[in-house]
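A short worksheet on the structure shown next.
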Amino acid sequence: MSSKTTQQSVTVIGLGPMGQAMTTAFLDRGYAVTLWNRTPSRADALVARGATLAPSVEEALAANEAVILSLTDYAAMYDVLGPAETALTGRVLVNLSSDTPEKARAAARWTAERGAVHLTGGITVPPSGVGQPESLTFYSGPREAFDKHRDVLEVVTGRSDYRGEDPGLAALFYQLGMVMFWTSMLSYWQAIALAKANGLTAADILQHATDTANSLPGFFAFYAERIDAGNHVGDVDRLAMGMASIDHVLHTNADSGVDTALPAAVAGLFRRGMEAGHAADSFSSLLDIMQKAEA
Ligand code: NDP
């Protein structure tokens, strides 16, 4: 019996902070890594650690079946792969660039037409979380490709959550997280702006902000069950109470001289719920408004 083991290998295209962190994770685990990036100098430190910089996209694609894409968006993918499309045959593109579900579906069709497989990824952590066992990436697309390359995927993040064959699903799950992330972080910035206008620092309110954020999962679980049962009864909260409360928030911010765009947008949604006759319902009844785009 031979004791020789085959070295695992992968190609990484795109060396922003994420692609660099992924390459580092692969090198740390002994992978042979072939790289390509529009700006070749971004590969210097990784080449010094043993990665190989391919002289062309075609050669980067030829080096491995599993090709990780970590680009700004899907438009960048067409810019990079379009001129090298004949080299795509037989490749599995693990696309960890973020974009919309529709763009992911279109990319899966474009890739299939060129004889390659597209596995959509939605990575939920910043560069510091890449390669960590508890970090999570959503995937969707052909199950066979996901199973075959699972070892590679689990170097990127320890947890891989396969959502189904529809290539849009992983992008959708990514966007579900991002709509919460951006709005939550802006609510934190708003609190800091309000604190600073009143002589407090970000550090002064850190514990209170953390406690407030930590209280949210309890609300998520409570309302998820009711919402899925179509129950918006105002037994523990009424939209009219929420309207009064968000008006206090709006005026506290206005009185402090800080920008009110964010609380005004929230107050606007509450007002539309009141006008739609939901005053006595739970504020979860705002979903009736949010589920329909304004005409
Ligand atoms: P960056 O935008 O910093 O870099 C991505 C790469 O895209 C670079 O290698 C850049 O090349 C390349 N690129 C962009 N446009 C083109 C183009 N038109 N043609 C060729 N190459 C192009 O992204 P990040 O590394 O921060 O992130 C990568 C992806 O991961 C993004 O989709 C991002 O949304 C997602 N993501 C990022 C997180 C983060 O915290 N950074 C967290 C989770 C997901 P060049 O070096 O030549 O500029």
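Please verify whether region 74-81 includes one or more residues that are assigned to a loop (DSSP other than H, G, I, E, B) and in the same structural domain as Ala51 (by TED's automatic domain parsing). Among the residues of region 74-81, not one is assigned to a loop (DSSP other than H, G, I, E, B) and in the same structural domain as Ala51 (by TED's automatic domain parsing), which makes the answer no.
Consider region 126-173 and keep the residues that are over 15 Å from Val94 (Cα atoms) and among the hydroxyl-bearing types (Ser, Thr, Tyr). The one that is surrounded by the fewest Cβ atoms within 10 Å (Cβ to Cβ) is Ser128.
Being surrounded by 14 or more Cβ atoms within 10 Å (Cβ to Cβ), of a type in the set (Gly, Ala, Ser), assigned to a helix (DSSP H, G or I) and more than 16 Å from the ligand (Cβ to nearest atom) is true of Ala62.
Applying the condition of being among the hydroxyl-bearing types (Ser, Thr, Tyr) and surrounded by 14 or more Cβ atoms within 10 Å (Cβ to Cβ) to region 9-43 and asking which residue is nearest to the ligand (Cβ to nearest atom) yields Thr23. Sub-8 Å Cβ pairs linking a first residue in region 232-261 that is closer than 27 Å to Ile192 by Cα and without any contact (Cβ under 8 Å) to a residue 60 or more places away in the chain to a second residue that is basic (Lys, Arg) and surrounded by 13 or more Cβ atoms within 10 Å (Cβ to Cβ), at least 6 apart or interchain, are Met243/Arg271, ordered by first then second residue. Set side by side, the residues Leu119, Leu96, Leu46 differ, and just one is hydrophobic (A, V, I, L, M, F, W, C), crowded, with 17+ Cβ neighbours inside 10 Å, more than 11 Å from the ligand (Cβ to nearest atom) and under 25 Å from Met180 (Cα atoms), which is Leu119.
Residues are listed down the side, and each one gets a yes or a no for (1) of a type in the set (Val, Ile, Thr); (2) more than 25 Å from the chain's Cα centre (by Cα):
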{"site": "Gln207", "(1), (2)": "no, yes"}
{"site": "Phe220", "(1), (2)": "no, no"}
{"site": "Asp228", "(1), (2)": "no, no"}
{"site": "Val233", "(1), (2)": "yes, yes"}
{"site": "Val236", "(1), (2)": "yes, yes"}
{"site": "Leu239", "(1), (2)": "no, yes"}
{"site": "His251", "(1), (2)": "no, yes"}
{"site": "Gly257", "(1), (2)": "no, yes"}
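The values are calculated or read from the model by the stated rules, or taken from the named source; none is laboratory data. Model, not experiment: these values are computed from the prediction. As a convention, Cβ positions derive from the backbone with ideal geometry for all residues, glycine included, and neighbour counts pool all protein chains shown.
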